Amino acid sequence: MKKKLSFFTPLLLLLLLVLACLLITRPFYHSNHREEDDDHGLTLAKPVIYLYPKEEMEVTVRLELDGNLTCTYPAYDEGWTVTARPDGTLTDECGQTYNYLYWEGLSDTEFDFSRGFCVPGGDTAVFLEDALARLGLTRREANEFIVYWLPRMEQNPYNLISFQTDAYTGHAVLTVTPEPDSLLRIFMAWKPLEAPVDLPAQDLPVFSRNGFTVAEWGGTEVK
């Protein structure tokens, strides 16, 4: 009888150890969960900031988000300070170069869908090419926008799309020093739909790039 107990004791201890590990790690995974249906708010996904000065200069960018930053690159430490070139290349104090400043965060912002566009999923790419060009993104910037969002949208039967203004900029305040001559902030809120809906079309203002230009794009899926 003693021999049988001595055989099963190590196995029992191993099972208890595995169970303890699962219980310990479970809160860790939950605390890093970032789905939109949590109580922490909507994910403001991949806003990226491009800087185009007329000549090479040092630029500081600060963001006041009504929510929590979840990821930044390069690291955000009370702001970003980089050397910006006219072609948009950014260099930090360590000599590392970037195409843009990236951030992502969570916010309880309520977005405005009183005006917008109901677009069949299969037409999303064509729609975005036209809308983003009218709003003022360059072809390179629009391409980066589309390849990020298109895989999430084109398979839906329909997408309800509205480009936000004060509902976004008032909750994610951007301060750039020195102050840019032209500031473009495009933020797309959208919902996947099973059936089309009717709503007034949104006016898309024309943007002109003059002098030191700062351009930003981002978005969020609202479920």
For Tyr168, state whether it is touching a Ser or Thr at 6+ places or on another chain (Cβ under 8 Å), in a helix (DSSP H, G or I) and farther than 15 Å from Pro120 by Cβ.
yes
Mind checking whether some residue in the stretch 142-150 is in contact (Cβ under 8 Å) with a residue 40 or more places away in the chain and either exposed (fewer than 15 other Cβ atoms within 10 Å of the Cβ) or farther than 30 Å from Met57 by Cβ (or both)?
yes
Of the residues Cys94, Cys118, which single one is of a type outside the set (Asp, Glu), at pLDDT 95 or above and within 12 Å of Ile161 (Cβ to Cβ)?
Cys118
Can you pull out every residue in the stretch 118-174 that is over 18 Å from the mean Cα position of the chain (by Cα) and of a type in the set (Phe, Trp, Tyr)?
Phe127, Tyr158
Identify, please: which residue in the stretch 205-222 is part of a loop (DSSP other than H, G, I, E, B) and of a type in the set (Val, Ile, Thr) and is, among those, surrounded by the most Cβ atoms within 10 Å (Cβ to Cβ)?
Val222
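The values are calculated or read from the model by the stated rules, or taken from the named source; none is laboratory data. As the structure is a prediction and not an experimental result, all values here were calculated from the model. Cβ atoms come from the backbone with ideal geometry, glycine included; neighbour counts cover every protein chain shown.
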